[in-house]
Amino acid sequence: MKTLKVKVALAALAATALSMSLPAHAGKTLDTIKSRGQLVCGVNTGLAGFSQADSNSNWSGLDVDYCKAVAAAVLGDASKVKYVPLTAQQRFTALQSGEIDLLARNTTNTMNRDASLGLHFVGVNYYDGQGFMVKKGKITSAKQLKGATVCVQSGTTTEKNLTDFSRANNLNLKPVVFEKVEAATGAYFAGRCQAYTTDASGLASVRAKEAKDPNEHLILPDLISKEPLGPMVRRGDDELFAIAKWVLHGLVEAEEYGITQANVDSIRSSADPQIGRMLGATEDLGKHVGLDKEWLARAIKAVGNYGESFERNVGPKTSINLPRGKNNLWSKGGLMYAPPLR
């Protein structure tokens, strides 16, 4: 009996050793990305600070930076991304059908979306909440909007939250629904609605980029929901899921350890073992996700750490002018907390 137990234990150890020595299987989508030489990323049709194209079709924003970081990690080149602009209604179908490899489109993580669409949320790259914007005047609180018309985009958590908020507070709000965000914001600024509702970050973006005079519009202080926004991949794409998740965590952890776009090369020789580990100087973490040891260094070199991306795209020095708030590192009072890369 003892001999049998020893044999079983030895067999288990051998199996473990073998599995640890095998390279990670690339998976269908990851294989396709590598053979294509391009990551296909679904993004917003145009939300300043998150994903927006200029007149030369150059995309920028917090979500766009994430796509670039994944491309840099997987393909070695942050420019090897095809951006597919998607409406709220199109985004999930595009990912489910394989039209895109990765969705990075200011999308709220909810139980329904995570559990029933055949998709997986990678993590949170922006903690948000739904708010309201009105023309400056007597209204200073969302609960003063009783009976008001509210422009809202269909196919979003925003639409359902608006209905719930109205019922819970007996406000009899009247939604004016549009398929495209541009139609919803255009109607609000044209005076067809007394208020416009979306995520607070979106309100700041719209006010900065679309209002003739941003000072004429007030973003009310009330937040009526939790909106943890993040990227998504298909279920079954376990290898891509792991890469997408750890790129996001890696950019957050890079900020915590002071690794920046400018110093990523020079800091490799740091005496801090975690920095050496993350940048592939002392350990090869890439083998766990089917990549080489330079994967995270390339991602950071492409877009900077999470804090750099935030400040460049939506921070206080931009026209969007969003404070770090909940999106600061956990060590600075925020919610950004990455599992350790080790």
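The values are calculated or read from the model by the stated rules, or taken from the named source; none is laboratory data. Please read all numbers here as calculations on a predicted model, not as lab measurements. Glycine gets a Cβ as well: all are built from the backbone with ideal geometry, and neighbour counts include every protein chain shown. When the accessible area is computed, the model is the full protein with side chains, heavy atoms only, and any ligands, DNA or RNA have been set aside. Shrake-Rupley method; radii C 1.70, N 1.55, O 1.52, S 1.80 Å.
A few notes on this one:
- Cα point-scatterer Debye curve for the range 95-204, base-10 log of I(q)/I(0) at q = 0.22 Å⁻¹: -1.24
- Under 19 Å from the ASN58 label point (7 Å along Cα→beta-carbon), backbone N, the range 303-339: 303-304, 309-315, 318-320
- A 1.4 Å probe run over the protein chains yields, for the range 126-244, 46 Å² of accessible area per residue, whole-number rounding.
- Portion, in percent, of the accessible area of the range 72-176 that falls on carbon or sulfur, probe 1.4 Å: 49
- Radius, Kirkwood style, for the chain when every pair of distinct Cα atoms is counted (Å): 21.5
- Beta bridge orientation in the chain: antiparallel %, DSSP, nearest 5: 55
- Taking all protein chains into account, the per residue accessible area for the range 36-91 stands at 34 Å² (1.4 Å probe).
- Estimated distance in nm for a label pair at ASP31 and ASN170, the labels positioned 7 Å out from Cα along Cα-to-Cβ: 6.2
- Cβ-derived FRET efficiency at R0 30 Å, GLU182 paired with GLU283, nearest 0.05: 0.05
- Of all accessible heavy-atom area on the range 244-342, the percent that carbon and sulfur account for (1.4 Å): 53
- Paramagnetic label zone (point 7 Å from Cα along Cα-to-C-beta, SER266; backbone N under 19 Å) in the range 298-324: 298, 300-305, 308
- Mean Cβ neighbour count within 10 Å, used as a protection proxy, ranking 186-199, 214-227, 261-274 highest first: 186-199, 214-227, 261-274
- Efficiency of FRET between THR140 and ASP292 - r from beta-carbon atoms, R0 51 angstrom, step 0.05: 0.40
- Average projection, convex hull of the Cα set of the range 154-246: 8.1 square nanometres.
- Between ASP77 and THR93, the distance separating the two model label sites (each 7 Å from Cα on the Cα→Cβ line) works out to 3.3 nm.
- The distance separating the Cα centre of the range 223-278 from that of the range 29-62 comes to 18 Å.
- Counted charge near LYS80, where neighbours are those whose Cβ lies closer than 11 Å (Asp, Glu -1; Lys, Arg +1): +3
- Pairs exceeding 32 Å between alpha-carbon atoms, taken from LYS82/LYS135; LYS82/LYS136; LYS135/LYS301; LYS138/LYS180; LYS160/LYS245: LYS82/LYS135; LYS82/LYS136; LYS135/LYS301.
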